[in-house]
């Protein structure tokens, strides 16, 4: 049985950890609220963008366009959004797994653009090619960052360096549920058939400039908004995941402390009993 | 006829809803030239070019510098998805003037590396900012 002193020391060390996890939980709770508000505000822009793009694609149907057909290169660019710091439960590793555990992807074909230090560390450890990384973006994403990244990706796509572009991020459903998601950015996927144009108001929408030219201009914006939206959701998810992880850690610490307190009291009682037995035994020997 | 001569204008940026109100007319630059929209316009989608956005509310006029994005125009509703847009009081005049000078300089001293299109957009942006402040 561990000595009283050992148990006491252990207990105070766990108490110290518990205070840290408690504080981290509070910090992430506050950050989560802000990030969630931001993510919700950006959703409005994104959904309008999505509606417009789908309505254009619906009209033009299956047109030959450079952003709608896969490039000749077999390489795939993947934007991996993770956090810079750990202690967020499975948040980072789940996103990384989307890339490493994908049965259709070969390691040589992947070019990773990582946002967030954890993703970069993990992917280069697995031996993936990390083309570019920018770790500051995920701290507080602004739209200009997303714009820069999407320009860079489009350049690589147009130059034929990569044939497809994916986005690996964590979608924020609600405070407790965050879903690692893999999204295809380019070529823009459009599964639906051109709809019948009967009596619908939007069917007579005209475009200036013409459809194909409009696609040229709108699709990059669409991509930027996707990246931006993914960034916002990832930040919210990160803080949500960290909040949960820290909440678990705090309650685990609580459990351990109760357990140790019990052990300590038992050890104390044991030592008192032992002392008494010794005194009585000594007194008897003398008598 | 007098009852419905306004329409709903919504300007949405990635970070916020920039503006949402009933207006009489809105004017801005597009890739095909300047456009002014009244209620009951033909449904149209246009791409924005840097310039001034002029909102005519029933009582007053409002100006803003609109830099990029696109607009979806329906009969009773106009939605502008703006990537970058600023109210006059959000513009830093000195920065705008500096940016204008820089862009002009780049256009004048044309070297093969100069990205003309980019310098021109930068110039248009700076000019729109300065124009709105006037």
The protein assembly as shown - mean residue ellipticity at 222 nm from DSSP helices (-39,500 (n - 2.57) per run, n ≥ 4, rounded to 500): -17500 deg cm²/dmol
Sorted on mean Cβ neighbours within 10 Å (highest first), peptides B:30-36, A:43-49 come out as A:43-49, B:30-36
I'd like the orientation of helix A:91-100 relative to chain A: the angle between its Cα long axis and the longest Cα principal axis, in ° from 0 to 90, rounded to 10. 50 degrees
Quick check: convex hull over the Cα atoms of chain B, volume per residue in Å³, rounded to an integer? 113 Å³
Other protein chain Cβ atoms within 10 Å, averaged over every residue that makes up B:26-33: 1
Just the Cα atoms of the protein assembly as shown: what Rg and Dmax do they give in Å? 29.8, 120
Other chains near B:12-21: what is the mean number of their Cβ atoms within 10 Å of each residue's Cβ? 5
Euclidean distance of C-alpha centroids, the stretch B:75-134 and the stretch A:13-80, integer Å: 28 Å
Would you mind calculating the relative contact order of chain A from Cα pairs under 8 angstrom and at least 6 residues apart, reporting the percent as a whole number? 32 percent
Partner shielding of B:39-46, as the mean number of partner chain Cβ atoms within 10 Å, equals 4
Length-normalised contact order of the stretch B:91-133 in % [C-alpha pairs under 8 Å, at least 6 apart]: 56 percent
Taking Cα atoms, the helix A:4-60 axis meets the longest principal axis of chain A at an angle in degrees (rounded to 10) of 10 degrees
Quick one: what Rg and Dmax do you get for the stretch A:23-244 from the alpha carbons, in Å? 18.3, 59
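Laboratory data are not the source of any read-out in this text; all were calculated from the coordinates shown. In this text the structure is predicted, and so the values were computed from the model without any measurement. When we count neighbours, we look across all protein chains shown, and the Cβ atoms used for this are built from the backbone with ideal geometry, even at glycine.
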